[in-house]
């Protein structure tokens with residue numbers, strides 16, 4: 001058994017919490033993977049910022065229609081019941097709280113729910129896209145992420161050091177080691193890898209974990 | 001020759017100033033009559049607040065479709081090139097200044113461009129409809145009206161005494177006696193009935209008329 | 001996912017005492033008569049839902065639809081732009097007796113406030129009503145040398161609307177000028193109930209031609225041959 | 001009334017030095033490549049129009065479209081949400097050399113500001129960007145216990161957009177996700193130029209299916225077999 005979940009396994013775990021019929025926006029990149037792991041009988045409807053509801057998988061290579069793309073500019077297909085709309089209507093859906101879940105990637109997430117996922121600092125060309133809208137755009141804003149950075153620093157922190165995407169917006173974090181809710185500006189542990197001790201997990205987390213009496217085991221299938 | 005224009009003749013006169021291809025909103029009631037007098041070769045496109053662009057005349061009695069009505073809740077028809085849209089888009093057209101002309105009825109209009117056409121005072125049930133939007137809704141906001149009330153009091157006044165519909169919004173007034181522009185918060189006479197003296201006209205007007213060197217004759221056909 | 005329900009009574013079951021209810025339609029076009037009458041049926045039978053705030057462009061006409069709700073005594077307040085259409089007797093009587101409250105809103109501001117409610121915009125500025133009695137007490141601000149009035153979003157607990165086609169996921173089309181406020185209300189309400197002339201399978205409505213996407217819709221009931229408010233009024237019909 | 005013009009050069013003739021130009025499209029979907037290239041042709045031939053402010057979700061990709069405008073030196077400023085899509089070399093070079101300005105706007109705020117520009121709403125409040133660097137210097141206000149940022153409308157002198165069908169009065173439909181910002185930009189610009197894949201007679205497009213009503217459109221040019229930005233980029237095409 002690995003000491004951490006793969007990206008696919010993190011995406012799988014996040015997908016298990018999506019209810020049948022939920023309207024979901026998946027951030028560009030890693031979060032898009034969540035769509036692959038919808039449990040049988042739980043069919044979500046996916047929204048993309050550029051004006052499609054109920055789109056499906058990528059078409060076969062060579063069959064792309066470049067007028068039919070998602071916010072990551074990847075070619076997609078339509079499912080029955082799809083709808084097109086313009087950008088203001090699309091972000092009315094987002095900002096108006098009509099999505100059930102938004103699942104985003106992140107650089108840092110803080111125990112007060114602050115999210116930093118759009119900028120690694122002043123160098124380079126800044127680009128924000130729809131990130132600052134999506135963090136205010138769903139009944140549930142979840143983050144999927146490695147628990148630590150590539151060089152081992154915690155991504156779950158007391159306060160974000162990078163430029164914020166949104167204030168107090170994240171409600172749940174799915175990491176490679178644990179599932180953590182943000183409640184009353186605290187990280188509350190819900191599930192952890194069974195082979196990982198609480199102390200080990202705390203050591204890799206940049207803010208104190210609140211540990212309830214009962215926590216679940218984070219077990220994902222081999223993918 | 002009559003001493004005043006009929007309502008149909010006032011509507012005819014207002015219609016002569018509408019350019020070919022102009023987008024026009026006609027207020028409910030008397031202003032709707034303007035549509036009947038479009039000059040040959042000058043085809044306006046009519047907008048109605050409840051979400052139609054390019055509607056046409058009423059259908060024959062008995063052929064009404066009550067899902068196809070104008071803001072006055074009268075049955076209308078469609079012309080080629082018509083479009084339906086919802087109320088927010090409809091008033092985006094209005095408020096956004098996309099109409100060329102709005103022609104409204106009035107109780108009073110003041111030399112500073114203030115308009116009072118929605119309420120005759122505190123008694124009764126107040127009702128405003130789209131009046132307060134339309135007065136800010138066109139490049140040109142014109143009023144058509146008898147020059148005086150039924151009991152002979154001026155409708156063109158220094159300051160409105162009735163509740164305002166909009167502040168400084170009217171640019172031209174077509175009356176039963178004259179055509180008057182509002183410029184720099186003054187009534188500027190453009191045309192008057194030929195048989196009417198300036199003194200007579202001024203006597204029926206509640207604010208001073210600015211009279212340029214050259215004014216036109218207001219002559220309408222018998223209708 | 002199938003949002004259809006099998007009765008009008010079930011469709012309107014979410015409306016409770018004291019709620020804000022948006023009702024689509026402008027004149028007779030788009031008025032969801034069957035949904036409104038189902039609500040009246042429940043009120044007559046159980047005394048609930050009462051004390052409602054109703055949002056509509058008008059305030060009921062004749063003796064059916066919203067007018068019949070008012071006559072039944074279910075409505076505590078109207079939010080509308082024009083409570084004085086043809087035969088507004090029901091509202092006028094209650095209003096003059098002080099039995100019903102009125103929030104009068106310019107029509108374009110009403111539409112934009114509902115749109116803002118659905119779009120997550122808590123406040124916006126409009127030139128409409130600046131300098132008039134209807135702007136009394138509202139914040140004003142100058143932008144680019146012109147004065148504007150600040151208006152707040154308008155939301156509802158439930159919206160009742162009438163569509164032409166609905167697929168089972170809630171994608172909607174409307175018929176002609178029956179569209180009016182309904183797409184806005186569908187977005188501004190916490191729970192949106194649709195009576196559709198025809199329910200179809202997902203995929204039947206071309207994705208290009210969907211007017212209200214399904215995520216704004218919560219319950220759909222098919223009413224195959226809906227009554228038209230204007231026709232009922234002209235026929236002198238009273239409900240119940 | 002016939003808003004069609006017979007050449008791309010005529011269609012874009014209203015664009016002048018220093019103007020704000022909105023350009024439709026998100027990624028390759030909806031990018032009016034032929035209109036953009038006609039503008040570049042004029043700039044190459046005459047040195048005008050230059051010093052443009054361009055509004056688009058991105059800031060050009062590859063060596064065609066907006067990227068080619070930037071390479072030609074026509075663009076003084078970009079207003080966009082994501083100037084870092086695939087192969088953003090043209091913008092990146094100029095930006096890092098300090099030769100082009102950037103106003104970075106969250107995507108939903110960009111869409112809403114353009115929508116506000118077309119709808120006569122000078123300012124509105126949004127939760128997006130509250131508490132972030134992108135809200136720096138903007139007024140904030142609390143509504144119902146939550147904090148919001150005040151944003152201003154965004155208008156343009158000219159909009160360049162791509163439609164699927166256009167009738168001669170300017171009623172438009174779009175193709176799939178090529179709709180994106182274009183209906184908003186058509187309303188927010190003083191003069192809206194459309195390249196349409198097919199021009200049809202008024203009445204051909206069902207009134208129910210018009211996405212952009214004709215009153216937002218000023219000039220239409222038919223481009224029967226339009227180039228697709230994404231396909232051009234993948235083929236490594238450079239313009240001119």
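Ranked from largest, the principal axis spans of the Cα set of chain D equal 53, 45, 31 Å. The ranking of A:103, A:45 by Cβ neighbour count inside 10 Å, starting from the fewest, reads A:45, A:103. Taking the helices alone, chain D has a mean residue ellipticity at 222 nm of -6500 deg cm²/dmol, built from -39,500 (n - 2.57) per DSSP H run of at least 4 residues and averaged over all its residues. Residue by residue along B:45-55, Cβ atoms of other protein chains within 10 Å of the local Cβ number 6 on average. For segment A:1-87, the Kirkwood estimate of hydrodynamic radius, built from reciprocal distances between every pair of different alpha carbons, is 13.8 Å.
Beta-bridge orientation, segment C:1-143: approximately 10 percent antiparallel, per DSSP, counting only bridges with both partners inside.
Computed from the C-beta positions of residue C:16 and residue A:43 and an R0 of 25 Å, the FRET efficiency is 0.25 to the nearest 0.05. Between residue C:146 and residue D:7, the distance separating the two model label sites (each 7 Å from Cα on the Cα→Cβ line) works out to 3.7 nm.
Taking every DSSP beta bridge with both residues inside segment B:7-217, roughly what % is antiparallel (nearest 5)? So the antiparallel bridges amount to about 50 percent of the total. Between residue D:96 and residue B:19, the modelled label-to-label distance comes to 4.9 nm, taking each label 7 Å out from Cα in the direction of the beta carbon. The ranking of D:46, C:10, C:197, C:212 by Cβ neighbour count inside 10 Å, starting from the fewest, reads D:46, C:10, C:197, C:212. With label points defined 7 Å past Cα in the direction of Cβ, position residue D:89 shows copy-to-copy spacings of 7.9 nm, given to one decimal and shortest first. Our note on the geometry: Cα centres of segment B:14-56 and segment C:175-239, 30 Å apart.
With both residues required to sit in the protein assembly as shown, DSSP beta bridges show an antiparallel share near 40%. Apply 1/(1 + (r/R0)^6) to the Cβ-Cβ distance of residue A:210 and residue C:46, taking R0 = 51 Å, and write down the FRET efficiency to the nearest 0.05. Rounded to the nearest 0.05, the efficiency is 0.65. Per-residue mean of foreign Cβ neighbours for D:168-174 is 4 (Cβ atoms of other chains, 10 Å radius). Our helix-only sum for chain B, with -39,500 (n - 2.57) per DSSP H run of n ≥ 4 divided by its residues, gives a mean residue ellipticity at 222 nm of -3500 deg cm²/dmol.
Here, segment C:123-163 has an Rg and a Dmax of 13.9, 42 Å when only alpha carbons are counted.
The C-alpha atoms of the protein assembly as shown occupy a region whose extents along the principal axes are 102, 79, 46 Å, arranged from largest to smallest.
Label-point distances for residue B:217 to the equivalent site in the other copies, using a point 7 angstrom along Cα→C-beta, read 10.3 nm when ranked shortest first. For residue B:196 and residue D:200, the FRET efficiency from 1/(1 + (r/R0)^6), where r spans their Cβ atoms and R0 equals 60 Å, is about 0.70. Each residue, residue A:181 and residue D:238, gets one label point 7 Å from its Cα in the Cβ direction; the gap between the two is 5.8 nm. Sorting the segments A:63-72, D:104-113 by their residues' average number of neighbouring beta-carbon atoms within 10 angstrom, most packed first, yields D:104-113, A:63-72. Taking Cα centroids, how far is segment C:110-135 from segment A:168-223 in Å? After rounding, the separation between the Cα centres reads 44 Å.
The mean number of partner chain beta-carbon atoms within 10 angstrom of a residue's beta-carbon across peptide D:134-147 is 2. Across chain A the C-alpha pair distances fall into 10 Å bins from zero in the proportions 8, 33, 36, 19, 4, 0 percent. Taking other C-beta atoms within 10 angstrom as a stand-in for reagent exposure, B:20, B:213 fall in the order B:213, B:20, fewest first.
Here, each number is a calculation from the coordinates, and none is a lab measurement. These numbers were taken from a predicted model, which means no experiment stands behind them. So basically every Cβ, Gly included, is an ideal-geometry build from the backbone, and we count neighbours across all protein chains shown.
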